[in-house]
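See structure below.
The values are calculated or read from the model by the stated rules, or taken from the named source; none is laboratory data. Remember, predicted model here, so these are calculated numbers, not experimental data. Using ideal geometry, Cβ is built from the backbone for each residue, glycine included, and neighbour counts are taken over all protein chains shown.
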Amino acid sequence: MDTQSTVAAPIHYYDTSHRTILCGLHGFAHRSTKHARAVTCPSCVALLKGEPAEEHLLAGEPSAGAVVH
Ligand SMILES: [Zn+2]
């Protein structure tokens, strides 16, 4: 964690093209930014990096043992 222990709400990434918060939140109560480096929301950060869900699936599966040819 950061040394700056702010308990404040996380800053989300604001997708300007879709006009939405990247992790799917709605409303104006959430803090958001267009600058990726300023994002602190874990979900938004993960989404910015790519698709963690897909990577997790690949990493969790050592070999496709049930492949039917
Ligand atoms: Zn978020």
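Observations on the structure shown:
- Looking only at residues in the stretch 5-26 that are within 26 Å of GLY50 (Cβ to Cβ) and exposed (fewer than 10 other Cβ atoms within 10 Å of the Cβ), the one that is modelled with the lowest pLDDT is HIS26.
- Taken together, the residues in the stretch 6-33 that are within 7 Å of the ligand (Cβ to nearest atom) and touching a Pro at 6+ places or on another chain (Cβ under 9 Å) amount to 2.
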